[in-house]
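Scroll down for the structure; my scribbles are underneath it.
A short reminder: the numbers here are calculations on the coordinates, not readings from a lab. Owing to the predicted nature of the structure, the values given are computational and were not obtained by experimental measurement.
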Amino acid sequence: MLESLGYLTTLILGTVLSVILLTVSFLTSSRALDVEKRSAYECGFDPFDKMGHPFEIRFYLVAILFLIFDLEISFLFPWSIVYNELGSLGFWSMRGFLGILTVGFYIEWVEGALDWQ
């Protein structure tokens with residue numbers, strides 16, 4: 001009973017705090033479009049230009065590479081938590097995994113997939 005009350009309190013407190021922060025940021029933000037807000041952001045295209053311009057393949061390639069490396073690195077967190085219980089098999093398995101990851105990164109670097117031009 002006491003544990004469910006703690007969950008309920010945390011849920012209510014988180015909801016109230018989220019609503020307060022969203023309301024304050026909405027009320028204090030500027031809505032006027034200035035030069036910075038109208039400028040091209042990260043993608044390099046004018047946001048108010050006509051739609052239908054295809055993105056260059058570099059944008060997709062960088063996004064895919066980021067997702068691949070991000071997901072692979074996320075395997076390190078659970079491994080680091082149970083590292084002492086895995087023994088040498090867990091250590092050498094992760095060494096192999098990181099070796100493959102390093103070789104893939106090196107190949108991408110040599111091929112120029114990470115160069116932004």
In vacuum, with every alpha carbon of segment 49-117 counted as one equal point scatterer, what does the Debye formula give for log10 I(q)/I(0) at q = 0.22, 0.23, 0.28 Å⁻¹? Two decimals, please.
-0.97, -1.02, -1.23
Segment 1-28 and segment 86-114 have their Cα centres apart by a whole-number Å value of 42 Å
